[in-house]
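Below is one structure, written out as C-alpha cells, with a few remarks after it.
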Amino acid sequence: MTILKIYTAPDPVLKKIAAPVVTVTHETRTLLNDMLETMYAAPGIGLAAPQVGVSQRLIVVDVSRDKENPTPYKMINPEIIAVSDDDSSYEEGCLSLPQHYADVVRPARVTVRYLDENGKSNTLEADGLLATCIQHEIDHLEGILFVDHISALKRNIILRKLLKAKKEQQENAAHKL
Ligand code: K1U
Ligand code: ZN
C-alpha cells in the first residue's frame, strides 16, 4: 500500500465536482486501500479522493477510537438519501485545511447509499461523528470545504492564512535549491 500526497487549499482539485465511478475495478480497490492507509497515517477519520488529487466519487471513513478494532468504510458513489430534521454542531478539522478548525452545523443523522468495493449497493444509517464525517467527505466530492459552511469573514481569515503558509513553504523550498 502507498501513502499518497494530500492536497491542501487553495488547490483547484479541491473545488472540482468529482466524477461518478462507472465500473469498480482493481484500480478502484487499490486507490481505496491507499486512501485508508493515507488517512490512518495523517492521522484522520475520513478522506475523499479529491484530497489525494483524484477527482472521482470515492471516500473512506473510520471514526472508531479503538485502534485494535478499526471500523473502516470504503464508499463508492456515496449519496445521502435522507437527513434528520434535527441538527448537530461539531468542531470540524480537514486534512486539506491543516491546523484550522470551526464549528459546523449539519443534520444529526443521515442515510447514505453507496457501492462497496465489490460493486454491491449498501445503505447505512449514521449518527454522531460518523454522520458528520460522511457529510464532510461527500461535501469534498462536490468541491465543498467545511469553511464554506461558516461566515465569509472566518472563511477568508482561514484561507488567507493557508495561502500565506503555502507561499512561505514555496519560498523556503526555493532557497534550499
Ligand atoms: O476530510 C478530511 O479532511 C478528514 C477530516 C475529517 C473530519 C474531521 C472532523 C469532522 C468531520 C470530518 C479529519 O480527519 S481532520 C483530523 C481529525 O479530525 C482527527 C485526527 C486524529 C484523531 C481524531 C480526529
Ligand atoms: Zn476535509
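The values are calculated or read from the model by the stated rules, or taken from the named source; none is laboratory data. As the structure is a computational prediction, the values presented were derived from the model and not from experiment. Neighbour counts run over all protein chains shown; Cβ positions are idealised from the backbone, glycine included. With ligands, DNA and RNA removed, areas are computed over all heavy atoms of the protein, side chains included. Shrake-Rupley method; radii C 1.70, N 1.55, O 1.52, S 1.80 Å.
May I ask you to verify whether residue 92 is under 25 Å from residue 55 (Cα atoms) and either among the charged types (D, E, K, R) or free of Cβ contacts under 8 Å to residues at least 12 places away in the same chain (or both)?
Judged against the criteria, residue 92 is a match.
Count, please, the residues in segment 137-158 that happen to be open to solvent by 20 Å² or more (accessible area, probe 1.4 Å), over 13 Å from residue 14 (Cα atoms) and part of a helix (DSSP H, G or I).
Final tally of qualifying residues: 7.
From 104, 110, grab the single residue that is away from ligand 2 (no atom under 14 Å from the Cβ), surrounded by 19 or more Cβ atoms within 10 Å (Cβ to Cβ) and under 19 Å from the mean Cα position of the chain (by Cα).
Going through 104, 110 in turn, the sole match is 110.
Condition (residue is at pLDDT 95 or above, touching a Lys or Arg at 6+ places or on another chain (Cβ under 6 Å) and buried (at least 20 other Cβ atoms within 10 Å of the Cβ)) applied to segment 85-101: is it met by at least one residue?
For segment 85-101, residues at pLDDT 95 or above, touching a Lys or Arg at 6+ places or on another chain (Cβ under 6 Å) and buried (at least 20 other Cβ atoms within 10 Å of the Cβ): absent.
Rundown of residues vs (1) charged (D, E, K, R); (2) assigned to a loop (DSSP other than H, G, I, E, B); (3) away from ligand 1 (no atom under 14 Å from the Cβ), yes/no style:
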site: 2; (1), (2), (3): no, yes, yes
site: 6; (1), (2), (3): no, yes, no
site: 14; (1), (2), (3): no, no, no
site: 30; (1), (2), (3): no, no, yes
site: 68; (1), (2), (3): yes, yes, yes
site: 76; (1), (2), (3): no, no, yes
site: 90; (1), (2), (3): no, no, no
site: 98; (1), (2), (3): no, yes, no
site: 103; (1), (2), (3): yes, no, no
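What do you reckon, is residue 118 open to solvent by 20 Å² or more (accessible area, probe 1.4 Å), farther than 25 Å from residue 155 by Cα and not in a strand (DSSP E or B)? Even if it seems obvious, please write down each step before you answer.
Numbers: open to solvent by 20 Å² or more (accessible area, probe 1.4 Å): yes; farther than 25 Å from residue 155 by Cα: yes; not in a strand (DSSP E or B): yes.
Yes.
Scanning segment 24-68 for residues that are among the acidic types (Asp, Glu) and open to solvent by 40 Å² or more (accessible area, probe 1.4 Å), which turns out farthest from the chain's Cα centre (by Cα)?
Filtering segment 24-68 down to residues among the acidic types (Asp, Glu) leaves 27, 34, 37, 62, 66, 68.
Checking the rest, the ones that are also open to solvent by 40 Å² or more (accessible area, probe 1.4 Å) come to 27, 37, 66, 68.
On the way: 27: 20, 37: 14, 66: 21, 68: 23 Å.
The residue in question is 68.
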